[in-house]
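Here the structure comes first, spelled out in structure tokens, and everything after it is commentary.
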Amino acid sequence: MRRMMITGAVLLSFTAAAALPAAAAPAAVTQEFNSCGYHPKTTIHLRTGPSARHASLGLLGPSDTIQAYEERGGWYRVGLDSDAKSGLRAGRSGWVAKKNVEPAVCMRLD
């Protein structure tokens, strides 16, 4: 009986989410980014703007994971999901050269 109640609650939440009006849907995405994020290929600078002329906010290494939000002229505007090894804090955002990052691999646990 308990299992049926949980299933019904889950089904109800999915049904309610599907019934949202179209106006509540997010705006159309013009660029698709890797949903699992990106890793720097080597140690790179997180910059204040989309060029090497902009100041560095700090360094990112290959073990750091970043999420891309925007692309402009070969640069990604990114944010950190977790603290970087170099000390940059989670939530920090900036710009990295697109050529210096590679997509992170998504893992499926079926």
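The values are calculated or read from the model by the stated rules, or taken from the named source; none is laboratory data. All values derive from a computational prediction rather than experimental measurement. Positions of Cβ are generated from backbone atoms using ideal geometry, with glycine treated the same way; all protein chains shown enter the neighbour counts. Heads up: the accessible areas ignore ligands, DNA and RNA and are worked out on the full protein's heavy atoms, side chains in. Shrake-Rupley method; radii C 1.70, N 1.55, O 1.52, S 1.80 Å.
Per-structure values
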item	result
Integer Hz, Karplus 6.51/-1.76/1.60 couplings in order for the stretch 63-75, x for Gly and Pro	8, 7, 10, 10, 10, 8, 10, 7, 10, 8, x, x, 10
The stretch 40-105 - Rg over Rh from alpha carbon coordinates, Kirkwood radius	0.90
Peptides 65-75, 98-108 ordered by average Cβ neighbours within 10 Å, highest first	65-75, 98-108
By accessible area with a 1.4 Å probe, ligands and nucleic acids excluded, highest first: order of D64, D81	D81, D64
Long-range HN-HN contacts of G58 with modeled amide H, under 5 Å	L46
Share of carbon and sulfur in the accessible heavy-atom surface of the stretch 66-110 [1.4 Å probe, %]	47 percent
